[in-house]
1. So how strong a dipole does the chain carry about its Cα centre when Lys and Arg Cβ are +1 and Asp and Glu Cβ are -1, to the nearest 20 debye?
2. Of all DSSP beta bridges located in the chain, what percent are antiparallel, nearest 5?
3. Computed FRET efficiency, Cβ-Cβ of ALA234 and THR174, R0 41 Å: what is it to the nearest 0.05?
4. How many nm separate the modelled label positions at SER37 and LEU77, each set 7 Å beyond the Cα in the direction of the Cβ?
5. If r is the Cβ-Cβ distance from ASP167 to GLU195 and R0 is 25 Å, what FRET efficiency results, to the nearest 0.05?
6. For the pair GLU141/ASP107, report the inter-label distance in nm, with labels modelled 7 Å from Cα in the Cβ direction.
7. What nm value, rounded to one decimal, do you get for the distance between GLN96 and GLU248 when each label is placed 7 Å out toward the C-beta?
8. Excluding residues fewer than 8 places away in the same chain, name every one of the aspartates and glutamates whose C-alpha is closer than 19 Å to that of LYS237.
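What follows draws every value from the coordinates through simple rules; no lab data is involved. All values derive from a computational prediction rather than experimental measurement. A quick note on method: Cβ atoms are made from the backbone with ideal geometry, for glycine too, and the neighbour counts reach across all protein chains shown.
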Amino acid sequence: MSQFERLTIDDIARLAEVSRTTASMVLNGNAERYRISAATVERVLQVARDHHFTPSQSARALRSRRSNTLGLVIPDLTNSAHAALAQALESQCREQYRYQLVIVTSDEDPVRETEGIAHLVSHQVDGVVVVPCTADAPRYEQWVKRLPLVFADRRVETSTIPYVVTDAAETVATLVGEALAKGAREVVYFGGQPELSASRDRLAGYRHALATQGVAEQDDWVFQRDYQRESGYALMKAWFETHGRYPEALFAGSITLLEGVLEFINEAHRLAQAPGHLMTFDDHQLLDCLPLQIDAIVQDSGQLAEHSLRCVFSLLEGKAAPESLRVPAQIHYRQRRAANQ
């Protein structure tokens, strides 16, 4: 037996000494429509306040066919980029649409991701934003007849589901190209799962920069594993042990990979030795506090959230979804700032 008391509308009706129908009308805002007296309304509301009672959201959803909640399936909330996207979505849901956001994490596991989507659907969310962890389109398309589903941050190229992603290729090409233009002739790339669209876009930008600057990619420059901190550490450790030094320049495909890289550099050399030019996709304010000057690509979480929600609500209202969109990113230059000081 649970120690917690779960009040129902029948309990409120009994305590207020009114019928269940009257209590329901009052609590659902229909008292004036059915000409319920002010005294009765106040009595019911006072009982509800005294017992911290709110009407069942599930019951409301059944009546209105809207739950006023959206779901977000995201790989990892410890990733600052994903956390920033979740925060932007939650704020905009609440402030602009009067919706609540329900978040589940996939931990980059397709099975867990599917279970998370199913859980949200079973709780009658009105739509779902997904940061997909696989390129397997049928995993997602099975849901599109049930509710609006939109991809954010990543896309699935073989799917027709609309997406909103960062224009990573162009920004990575700019950042890496500038390092090459300044004289770097060895730029190592650490990336995540190669099947993910984000990984392909970032690697494409890196390779475009090499081609534009006339630099041939070497066999020991590109390594892809996943976006976990442990992978950044392992990749940096392996590269250093193989070459006996750090690369001339290094691009980390995510802030989590960079965390692992910095962990190894700190453990091995207390940050006194490092790649001559460090670059990363995604930014964090703590990078301002490091002795190493790390240039970072900054995603526009607000725009990603805004356009994702616009897609969801267009579909929810029976309209055609807006076209998929690539949101521009910015570069936070720290090395340039340090050179000018």
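1. On the way: 35 positive and 44 negative charges, 259 e Å.
Dipole magnitude for the chain comes out near 1240 debye.
2. Numbers: 3 of 35 bridges.
In the chain, approximately 10 percent of DSSP beta bridges are antiparallel ones.
3. Values: r = 28 Å, r/R0 = 0.69.
The value I calculate is 0.90.
4. Distance between the two pseudo-spin positions: 4.8 nm.
5. Values: r = 20 Å, r/R0 = 0.80.
Given R0 = 25 Å and the Cβ-Cβ separation, E is 0.80.
6. Spacing of the two 7 Å Cα→Cβ label points: 3.0 nm.
7. Label-label distance for GLN96 and GLU248, simple model: 4.4 nm.
8. In chain and number order, the partners are GLU186, ASP219, ASP220, ASP226, GLU248, GLU259, GLU263, GLU267.
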